[in-house]
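In what follows, a structure is listed as structure tokens, so that the remarks can point back to it.
The values are calculated or read from the model by the stated rules, or taken from the named source; none is laboratory data. Just so we're clear, the structure is a prediction, and the values are computed from it rather than from any experiment. Each accessible area value is taken on the protein alone, full model and side chains, heavy atoms only, with ligands, DNA and RNA left out. Shrake-Rupley method; radii C 1.70, N 1.55, O 1.52, S 1.80 Å.
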Amino acid sequence: QRLSAAVVSAMMGEIHVRGCPSDPGAVALQSTMTLIVEVGGTSACTNHGQLRVAQSLTLNQPTLEVALSGGFTPAAGDEFKLLSFATASGSFSQWWKMS
């Protein structure tokens, strides 16, 4: 049986966000997980990823990684909405940018 790339990534502790993937339920990200969001511009879903969670998002100290794509370089004042949720609790343990 074949597994999708998303399933394999989640099993390895990584969630890659491109476009606007959404979950109709609640999502909990554990400390062993890394949320990797691609950023190639300032428009959510078009130029940068945004994880959409219909219910609650629980952050149990996962890592947030921002991956710049397409030669994009953020400028002072640029804003990026990387997460969308009904309610949230917790925080990331760390974040970093990879080029």
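Within the accessible area of region 18-99, what % is carbon and sulfur when the probe is 1.4 Å and the other protein chains stay in place?
50 percent
Read phi for every residue in region 29-40 and hand back ³J(HN,Hα) as whole Hz from Karplus 6.51 cos²θ - 1.76 cosθ + 1.60, θ = phi - 60°, with x for Gly and Pro.
9, 8, 5, 8, 9, 10, 9, 10, 10, 7, 10, x
Pop out the ³J(HN,Hα) list for region 78-88 in order, Karplus 6.51 cos²θ - 1.76 cosθ + 1.60 with θ = phi - 60°, rounded to Hz; leave Gly and Pro as x.
5, 10, 9, 8, 8, 10, 9, 7, 6, 9, 9
Which whole-number value in Å² is the accessible area per residue of region 21-99, probe 1.4 Å? Could you put the intermediate results ahead of the total?
Details: 4420 Å² over 79 residues.
Counting only protein heavy atoms, the per-residue value for region 21-99 is 56 Å².
For A86 and A26, compute 0.36 nm times the residue count separating them, minus their Cα-Cα distance, and round to one decimal in nm. Please list the in-between numbers first.
Details: separation 60, 0.36 × 60 = 21.60 nm, distance 0.93 nm.
So the extension gain works out to 20.7 nm.
Please give the contour-minus-distance gain from D78 to T46: 0.36 nm per residue of separation, less the Cα-Cα distance, rounded to one decimal in nm.
Numbers: separation 32, 0.36 × 32 = 11.52 nm, distance 1.52 nm.
Net length gain for the segment: 10.0 nm.
Once fully extended, how much extra length lies between Q61 and S93, figured as 0.36 nm per residue of separation less the alpha-carbon to alpha-carbon distance? Before the final figure, lay out the partial values.
On the way: separation 32, 0.36 × 32 = 11.52 nm, distance 0.44 nm.
Stretched out fully, the Q61 to S93 stretch lengthens by 11.1 nm.
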